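Structure below; questions to follow.
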Amino acid sequence: MTDARIVLRDAELVDGTGAPRRPADVVIAGDRIVEVADAGTASGEEVVHLDGLVLAPGFIDCHTHYDAQVLWDPDLTPSCWHGVTTVVMGNCGFGIAPTRPQHRETIARTLENVEGMSVEALAAGIPWNFETFPEYLDAVERQQTRLNVAVMIGHTPLRTYVLGDEATERAATPDEVAEMRRLVGEALDAGAVGFATSKANAHAGAWGKPVPSRLAERSEIFDICESLEERHKGVVAITKGDEFGISAFCDLSQSIDRPVTYTALGTGQGFRDVIERISALGGQVWPQLACRPIVMQLTMADPGPLARVPAFNEIVTVPHDQRARILADPAWRERARADSEVVGWPPFDRITVQETETQADLLEGPSLMELARQRGVHPLDVMCDIALADNLRTRFRVVLANADYDELGEMLREDRLLLGLSDAGAHASQLCDAVFSTYLLQHWVRETNVLSLEKAIWRLTGHPASIFGLTGRGTVAPGNSADLVAFDPATIGVEPMERVFDLPAGADRLVATSTGIEAVWINGVATRTGGKDLDGVRPGRLLRS
């Protein structure tokens, strides 16, 4: 028996290739697109009237950290509310597999410090019914997710698995590198879509130690990545560091003949010069950028994103109930002030008080730099004093990057940059950039006209699909998977953020819903109609490479 033909009638088709929009009918049968026809001409057993809504490929989020959340939230909220149909996990070299039982707390503490995840939520939510990476993929597949999921193997759990507690202390031996290379090959054979690592100086992991990947020598990364070259598949995703930058990315890409994407390129970093360098050096290198200012709501109890200041590492080395003592210590403050002057961080002129229980007069008020001038002290002392008066519950609004909207718009028009960095699933209590797709279409298309609708959809679909090797997805064409989103371009957007307490162990997170996303199909199955997600519908697949 053949699958029934479902006609999506009278759509304004934007197909993900960058081609001009056109009126069309799209026909799906089973999990595939089987026909793209002139509007009003296709036939089938069922007709869904879209009445001029834009119909596009399902959106792809290539930079998420849902590696743990997928095991307790198979709907992958809030991404599913914003037209996303495929997520890529394992970014920055972080994940939860492979992991031996004795290293589970280390991995959780790493995610706590680097990705702002609640260690209590991780302890309550991860079932740990796996150890190896192939076993993890099987566990994800058993979840029957709403969205499609693609997974990269991360260098930090891999290195911990092979080197044990010494992963944060030393270089790997040749035998250890060979074993990591073998395990990456095993992961690729099982379905990993790539390998991810981090050389970022600010990435301090469990108990304030450098994340394991920071200890890797250049040769270790190159040797491990030969597994991708041998199999002619997979992407390398890297978080940039001082000792592993653009030249290394280009050398690596040429060495293994595979795409390399790196995090991140923001405003004020000379993006045109970066693109010229990459073009001159050669290789398939794709800098990632976000389409929003990177704004976090941080407490001094969990100041992870500020850890590029060396003194801040001392905070995360001690339990939470001892962190106030450090902030009050004059000797620590002296070191922190000196470090912040050398590093030029935190950006005190872009930090304000977002939430407070005791100092309401500071809400939405002057920046810490302005307060410091008023009080005649260093802005770090202002930050510490405000936090201590609130028992470290103060949430500071920190504009970490992309503060220059004009330059950000110019970057979004540059085809050599890859839209990513939503960080969905990470920093859950600090930000919610999983809304990037609807924000892009609201702000950069409708409100500012910086991007054409066709270019914006290509950025969300065809472009990331081509780089990550997501064959048959990202464009609307016969034979491709029926991952589709129908939306109203006049109303698509992001609702206000709200803080909810729905993570395991009652941990909190920021979420936001969307407007204008009217219907979604994933692998041919409707998951959203009339602007509402359908309960319990989970047709997503683990996309094994």
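Would you kindly compute the Cα radius of gyration of segment 170-282 and its largest Cα-Cα separation (Dmax), both in Å?
14.5, 42
May I ask for the distance between the Cα centers of segment 194-255 and segment 60-139, given as a whole number of Å?
Taking the Cα centre of segment 60-139 as reference, the centre of segment 194-255 is 20 Å away.
Name the long-range amide H neighbours of residue 5: under 5 Å, sequence gap of 5 or more, or other chain; modelled H, no Pro or chain starts.
45, 46
In whole Hz, what ³J(HN,Hα) sequence does segment 515-523 give by Karplus (6.51, -1.76, 1.60; θ = phi - 60°), x for Gly and Pro?
Going residue by residue, I get 10, x, 7, 8, 8, 9, 10, 10, 6 Hz, with x marking Gly and Pro.
A further question on this structure: About the Cα centre of the chain, what is the dipole size in debye to 20, counting +1 per Lys and Arg Cβ and -1 per Asp and Glu Cβ, all else neutral?
320 debye
Across 20 Å bins from 0, what is the distribution of all Cα-Cα pair distances for the chain, in whole percents?
The distribution over the chain is 22, 55, 21, 1, given as percents.
Skipping prolines and chain starts, which residues have an amide H placed within reach, meaning under 5 Å, of the one on residue 401, given they are 5 or more residues away or on another chain?
Correct list: 294.
Using a basic spin-label model with each label point 7 Å from the Cα along Cα→Cβ, how many nm lie between residue 349 and residue 138?
The two pseudo-label positions are separated by 5.6 nm.
With the calculation restricted to Cα positions, what are the radius of gyration and Dmax of segment 353-420 in angstrom?
Taking only Cα atoms of segment 353-420, I get Rg and Dmax of 16.6, 48 Å.
³J(HN,Hα) across segment 529-539 via Karplus (A = 6.51, B = -1.76, C = 1.60, θ = phi - 60°), whole Hz, x for Gly/Pro?
3J(HN,Hα) across segment 529-539, in whole Hz: 9, x, x, 10, 5, 8, 5, x, 9, 9, x.
Can you find, among 17, 41, 7, the residue farthest towards the positive end of the dipole of segment 5-52? Put +1 on the C-beta of Lys and Arg, -1 on that of Asp and Glu.
Positive-end residue among those listed: 17.
Taking amide hydrogens as modeled 1.01 Å from N in the peptide plane, which residues meet the under 5 Å criterion relative to residue 495, leaving out close sequence neighbours?
When sequence neighbours closer than 5 places are left aside, the close amide H contacts are 513, 514, 515.
If you don't mind, another one. Going by average Cβ density within 10 Å per residue, which order do the peptides 172-181, 4-13 take, highest to lowest?
4-13, 172-181
Continuing with the same structure: Sorting check: for 379-386, 243-250, which peptide has the highest mean count of neighbouring beta carbons within 10 Å, and how do the rest follow?
Sorting 379-386, 243-250 by mean packing, highest first, produces 379-386, 243-250.
Related question: Could you go through segment 412-425 in sequence order and give the Karplus-derived ³J(HN,Hα) for each residue, using 6.51 cos²θ - 1.76 cosθ + 1.60 with θ = phi - 60°, rounded to whole Hz, and x for Gly and Pro?
Values, residue by residue: 5, 7, 8, 5, 7, 10, 9, 6, x, 6, 5, 6, 3, x Hz.
By count of other Cβ within 10 Å, fewest leading, how are 432, 80 ordered?
432, 80
Which percent of the Cα-Cα distances in segment 5-52 go past 16 Å? Each step should come with its number before you reach the end.
Values: 353 of 1128 pairs.
The answer is 31 percent, as a whole percent.
Could you work out [θ]222 nm for the chain from helices alone, using -39500 (n - 2.57) per DSSP H run of at least four and dividing by all its residues? Round to the nearest 500 deg cm²/dmol.
Details: 17 runs with 163 residues, N = 545.
The helix contribution divided over the chain gives -8500 deg cm²/dmol.
Something else now. Residues in segment 210-247, backbone N under 17 Å from the label point at residue 173 (7 Å along the Cα-to-beta-carbon vector): list them, ranges by number please.
Residues 217, 220 qualify, since their backbone N sits under 17 Å from the label point.
Each value in this text was obtained by applying a stated rule to the coordinates, not by laboratory testing. Not measured: the values here are computed from a predicted model. In this analysis, Cβ positions are derived from the backbone assuming ideal geometry, glycine residues included, and neighbour counts consider all displayed protein chains.
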